[in-house]
Amino acid sequence: MKFAKKQNKSRRNFLKHFAVFSFIAAFAVQAWAFVRFLLPDGLVKPPGKHKLGSPEKFKEGTTILDDLRLFIVRKDNHFYALSAICTHLGCTVKKAVSTRVSHSQGSDIEFDCPCHGSKFNQDGVNFAGPARKPLERYFLSLSSNDGQLVVDVGKKVDKNFSLIL
């Protein structure tokens, strides 16, 4: 009879410790998920100038440079560099083809933020979601040495800036 009481006490003790441990583990997992939700999903791009390659490398439309978190947009002989960092909380914006047709060349390109649903048009202007500012534009130039496009991610420019070749 003494053995049964001792066994019940140790089982109760085990279950009590197991319940406390389970609660702490569940709380820790939820806390990590909450913190991860608030953090952006990419690394900060290195500041400074970066050579991108020859202008011929960039076809008409939008080219994604994942390592720099940039979009290079080419419209005829006009080039501009858009940041792929959402102005809401810093998540990496993705390119998507819109179903809206606004000109004779076909569909507009839009950029979608997968974190919170912000949407930007091909010029980087926000039109949906929680982002309140357009995507940043960076200074784009042509290298005098080898004719490559050079982006300066430390130098922001006006939304009307484009490099004309």
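Every read-out reported here was derived from the displayed coordinates using simple, explicitly stated rules and does not represent laboratory data. Values in this document were obtained by computation on a predicted structure and should not be read as measured data. Cβ placement follows ideal geometry from the backbone for every residue including glycine, while neighbour counts extend to all protein chains displayed.
Sort ILE64, ILE85, ILE24, ILE164 so that the residue with the fewest other Cβ atoms within 10 Å of its own Cβ comes first and the one with the most comes last.
ILE164, ILE24, ILE64, ILE85
How far is it, in nm, from the label point at ALA33 to the one at LYS95 when both lie 7 Å from their Cα along the line to the Cβ?
It is 3.4 nm.
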